[in-house]
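The values are calculated or read from the model by the stated rules, or taken from the named source; none is laboratory data. Bear in mind that the values here come from a model prediction, so they are computed numbers and not experimental data. In this analysis, Cβ positions are derived from the backbone assuming ideal geometry, glycine residues included, and neighbour counts consider all displayed protein chains. To get the accessible areas, we keep the full protein, side chains included, count just its heavy atoms, and leave off ligands, DNA and RNA. Shrake-Rupley method; radii C 1.70, N 1.55, O 1.52, S 1.80 Å.
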Amino acid sequence: MENKRVPLREKSIVFIGFMGVGKTSIGKIVAKKLYRDFKDVDHVIEEEYGMPVSKIFEQLGEKAFRKKEKQVVTDLSKKKLLVLSLGGGSFLQEEIKQACLDNCIVIHLDLSWDSWKDRINLIIDSRPVLKDKSLEDMEELFNSRKEIYADHHSKVDTDSKNMEEIADYIVDSLKYAWDLYEPR
């Protein structure tokens, strides 16, 4: 792949994790602190289709969304110096997972079920995957998705931390790793 020879400090950073964990919010802060461009993959797809993800699911179906998602993520994963936020289901696609793991630094933002439950009211209307699901169904989905996030380069527990603290921790960890593995 293109980024095999890219220095570690120039690889794009990819945030994965369950919907509503804070990938976009934390990603934006990390991008600002590292002077990088930020891309939320769902927003890139929404711009291309001219409609929100919920409408894409409704009008074109999940299959069309996932196909576009694969194209967008695999293309962006080959670029340098970006911070990317992936949708909660992106890593269900093996091609996306491999492209990100091969070309980028993949950071899993982890959150406990109890902490996530507290956010349901904030995110439920904008997440088509949660539509018409009971709390038990949501918990089952939450737990089943843990397996797809198991492949990553780093995992950050976000329980009981604010976004700024999490972003600072990530930036400090990245800078330490960059200096450790590729000193200037």
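With respect to K28, is the statement that it is assigned to a helix (DSSP H, G or I), touching a helix residue (DSSP H, G or I) at 6+ places or on another chain (Cβ under 7 Å), open to solvent by 50 Å² or more (accessible area, probe 1.4 Å) and not aromatic (F, W, Y) true? Spelling it out, it is not the case that K28 is assigned to a helix (DSSP H, G or I), touching a helix residue (DSSP H, G or I) at 6+ places or on another chain (Cβ under 7 Å), open to solvent by 50 Å² or more (accessible area, probe 1.4 Å) and not aromatic (F, W, Y). D102 falls short of the stated requirement of being open to solvent by 30 Å² or more (accessible area, probe 1.4 Å) and without any contact (Cβ under 8 Å) to a residue 24 or more places away in the chain. Can you find even one residue in segment 51-59 that is modelled with pLDDT of 95 or more and hydroxyl-bearing (S, T, Y)? Taking every residue of segment 51-59 in turn, none turns out to be modelled with pLDDT of 95 or more and hydroxyl-bearing (S, T, Y). If you filter segment 4-22 down to residues that are more than 18 Å from K70 (Cα to Cα) and in contact with a strand residue (DSSP E or B) (Cβ under 7 Å, 6 or more places away or on another chain), you find that the one that is surrounded by the most Cβ atoms within 10 Å (Cβ to Cβ) is V21. For segment 78-99, filtered to residues that are in a loop (DSSP other than H, G, I, E, B) and out of contact with any Phe, Trp or Tyr (no Cβ under 7 Å at 6 or more places or on another chain), the residue that is surrounded by the most Cβ atoms within 10 Å (Cβ to Cβ) is G87. Filtered by the rule that a residue be without any contact (Cβ under 8 Å) to a residue 24 or more places away in the chain and among the polar types (S, T, N, Q), segment 80-98 gives a lone residue, Q98. The set of residues in segment 34-56 that are surrounded by fewer than 18 Cβ atoms within 10 Å (Cβ to Cβ), in contact with a Pro (Cβ under 8 Å, 6 or more places away or on another chain) and touching a residue at least 24 places away in the same chain (Cβ under 8 Å) contains only S54.
Among the helices (runs of 4 or more DSSP H) confined to segment 110-184, the ones with at least 1 residues that are over 19 Å from L34 (Cβ atoms) and without any contact (Cβ under 8 Å) to a residue 60 or more places away in the chain are located at 113-117, 120-123, 135-145. Restricting attention to segment 146-184, which residues are exposed (fewer than 15 other Cβ atoms within 10 Å of the Cβ), touching a strand residue (DSSP E or B) at 6+ places or on another chain (Cβ under 8 Å) and polar (S, T, N, Q)? Within segment 146-184, S154, S173 qualify. Restricting attention to segment 149-181, the residues that are more than 20 Å from the chain's Cα centre (by Cα), under 26 Å from I96 (Cβ atoms) and not aromatic (F, W, Y) add up to 1.
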